[in-house]
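Engineer: Got a structure for you, questions after.
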Amino acid sequence: MYNFKNDYSEGAHPRILDKLIETNLIQQLGYGEDDYSNEAKSILKKKIANQQAVIHFLSGGTQTNLLVISFLLRIHEAVISAKTGHISANETGAIEATGHKVITVETSDGKLTPNDITTVLKEHALAPHVVKPRIVYISNSTEIGTIYSLAELEALYVCCQQQQLLLYLDGARLGHALTAKNNDLTFAAIAKYTDVFYIGGTKNGALLGEAVVFNRPELAVDFDYAIKQKGALLAKGRVLSIQFLTLFQDDLYLELALRANSLAMRMAKAIKGKGYSFLTESTTNQIFPILPKSLIEALLINYQFYIWKDIDSDYAAVRLITSWATDEKQVTNFISDILNS
């Protein structure tokens with residue numbers, strides 16, 4: 001049974017495991033004050049071209065979103081998100097549980113635009129009777145596989161600046177966005193046109209871990225207190241930083257994401273060649289083909305994946321995700337089963 005349900009079915013890239021073993025008995029300070037954390041942060045600051053950035057390593061995406069958003073919002077403030085955004089659709093009301101409203105926007109491609117933001121602001125202009133939008137939350141790549149262009153991100157950031165909003169980018173699959181065939185963003189551009197973002201490791205080769213980057217250091221003042229208070233400050237912080245050190249010393253991070261994207265695009269090409277359409281035009285490691293339900297039933301015998309959305313009585317969209325460690329044979333067999341259907 002092959003698994004296309006997610007991109008974290010496997011453990012960690014062997015080079016990460018080797019580095020953890022190599023450094024295992026070397027004594028270091030705890031709580032992120034170890035040498036590996038300092039070195040990893042130095043590498044990341046060079047990568048994003050921002051030496052003033054404040055970087056913290058956290059264990060997971062939901063934890064990161066919860067900590068950053070709840071830390072930046074005052075008690076009467078809210079966050080704007082696409083309806084498909086992870087904080088709206090997949091985090092068990094984590095943000096709402098802190099007393100903050102998630103204002104959702106219907107989108108066709110999972111992306112927010114300046115027009116979406118100004119519309120929300122007009123709808124929440126009756127102060128002080130409504131919540132005050134303060135953060136704009138976006139994902140790159142989005143939860144449906146699409147990506148932001150440089151022009152789109154810059155326009156969104158300018159809009160946020162004009163409206164005194166903060167722009168926060170969820171980078172759970174940032175590597176896949178940056179290695180997509182139609183991408184024109186860089187780490188440095190993302191650092192320039194967001195206030196806060198994070199680089200996801202869990203879904204791209206790490207055992208666990210995300211690197212949250214405050215591009216404006218004044219926003220990060222006392223964030224370490226919030227990390228500790230919420231139980232997210234690991235005594236063995238080295239476990240996280242060693243992984244990012246390994247992923248970014250020689251661009252292993254992008255190499256792994258590119259492989260996952262390439263495998264997904266091979267599958268997409270075969271599916272399109274068979275004449276099937278897609279729910280979204282994804283260029284990353286998540287694809288959403290619309291297939292006959294009879295074919296879906298047959299494929300589920302040998303492959304695990306999610307049935308995403310019913311289209312009609314005969315067709316449904318499914319979600320297929322490849323990872324850095326997806327077996328090439330797995331992809332070849334799937335393509336063969338599609339072509340022979």
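The values are calculated or read from the model by the stated rules, or taken from the named source; none is laboratory data. A quick note: this is a predicted structure, and the numbers were derived from the prediction, not measured. Neighbour counts run over all protein chains shown; Cβ positions are idealised from the backbone, glycine included. Note: accessible area is taken over every heavy atom of the protein model, side chains too, but ligands, DNA and RNA are not part of it. Shrake-Rupley method; radii C 1.70, N 1.55, O 1.52, S 1.80 Å.
Engineer: Counting residues that are free of Cβ contacts under 8 Å to residues at least 24 places away in the same chain and open to solvent by 40 Å² or more (accessible area, probe 1.4 Å), which helices (runs of 4 or more DSSP H) fully inside the stretch 42-141 reach at least 1?
Structural biologist: By residue number, 86-89, 114-123.
Engineer: Kindly evaluate residue 204 against the criterion of being closer than 23 Å to residue 4 by Cβ and out of contact with any Lys or Arg (no Cβ under 9 Å at 6 or more places or on another chain).
Structural biologist: Answer is no for this residue.
Engineer: Mind listing whichever residues of the stretch 260-279 are surrounded by 18 or more Cβ atoms within 10 Å (Cβ to Cβ) and among the polar types (S, T, N, Q)?
Structural biologist: 261
Engineer: How many of the residues in the stretch 142-163 are surrounded by 20 or more Cβ atoms within 10 Å (Cβ to Cβ), assigned to a loop (DSSP other than H, G, I, E, B) and not aliphatic (A, V, I, L, M)?
Structural biologist: 5
Engineer: Look at residue 257 and say whether it is part of a helix (DSSP H, G or I), open to solvent by less than 60 Å² (accessible area, probe 1.4 Å) and outside the structural domain of residue 60 (by the TED database).
Structural biologist: Details: part of a helix (DSSP H, G or I): yes; open to solvent by less than 60 Å² (accessible area, probe 1.4 Å): yes; outside the structural domain of residue 60 (by the TED database): yes.
So residue 257 fits the description; yes.
Engineer: I've got another one for you. Please verify whether the stretch 164-185 includes one or more residues that are of a type in the set (A, V, I, L, M, F, W, C), open to solvent by 10 Å² or more (accessible area, probe 1.4 Å) and free of Cβ contacts under 8 Å to residues at least 40 places away in the same chain.
Structural biologist: Checking the stretch 164-185: not a single residue is of a type in the set (A, V, I, L, M, F, W, C), open to solvent by 10 Å² or more (accessible area, probe 1.4 Å) and free of Cβ contacts under 8 Å to residues at least 40 places away in the same chain.
Engineer: Right, next: Right, residue 34: in contact with a His (Cβ under 9 Å, 6 or more places away or on another chain) and open to solvent by less than 40 Å² (accessible area, probe 1.4 Å) or not?
Structural biologist: no
Engineer: Checking the conditions here, which among 244, 305, 248 is at pLDDT 95 or above, in contact with a Lys or Arg (Cβ under 9 Å, 6 or more places away or on another chain), within 15 Å of residue 331 (Cα to Cα) and among the hydrophobic types (A, V, I, L, M, F, W, C)?
Structural biologist: 305
Engineer: Tell me which residues, restricted to the stretch 10-20, are open to solvent by less than 60 Å² (accessible area, probe 1.4 Å) and assigned to a loop (DSSP other than H, G, I, E, B).
Structural biologist: Correct list: 11, 12, 13.
Engineer: Return the residues of the stretch 282-341 that are β-branched (Val, Ile, Thr) and open to solvent by 10 Å² or more (accessible area, probe 1.4 Å); say none if nothing qualifies.
Structural biologist: Matches in the stretch 282-341: 283, 290, 301, 307, 311, 332, 335.
Engineer: Hand me the list of strands (runs of 3 or more DSSP E) wholly inside the stretch 288-341 holding 1 or more residues that are under 19 Å from residue 1 (Cα atoms).
Structural biologist: Strands (runs of 3 or more DSSP E) meeting the threshold: 306-310, 315-321.
Engineer: So, in the stretch 1-43, exactly how many residues are closer than 22 Å to residue 251 by Cα, among the hydrophobic types (A, V, I, L, M, F, W, C) and under 22 Å from the mean Cα position of the chain (by Cα)?
Structural biologist: Within the stretch 1-43, residues that are closer than 22 Å to residue 251 by Cα, among the hydrophobic types (A, V, I, L, M, F, W, C) and under 22 Å from the mean Cα position of the chain (by Cα) number 4.
Engineer: Here's another thing I want to ask about it. Assuming residue 280 fulfils every condition listed in (1) out of contact with any helix residue (DSSP H, G or I) (no Cβ under 8 Å at 6 or more places or on another chain); (2) of a type in the set (Val, Ile, Thr); (3) closer than 18 Å to residue 202 by Cβ apart from one, which condition is it?
Structural biologist: (3)
Engineer: Among the candidates 223, 244, 197, single out the residue that is farther than 19 Å from residue 323 by Cβ, touching a residue at least 24 places away in the same chain (Cβ under 8 Å) and surrounded by 24 or more Cβ atoms within 10 Å (Cβ to Cβ).
Structural biologist: Only one candidate qualifies: 197.
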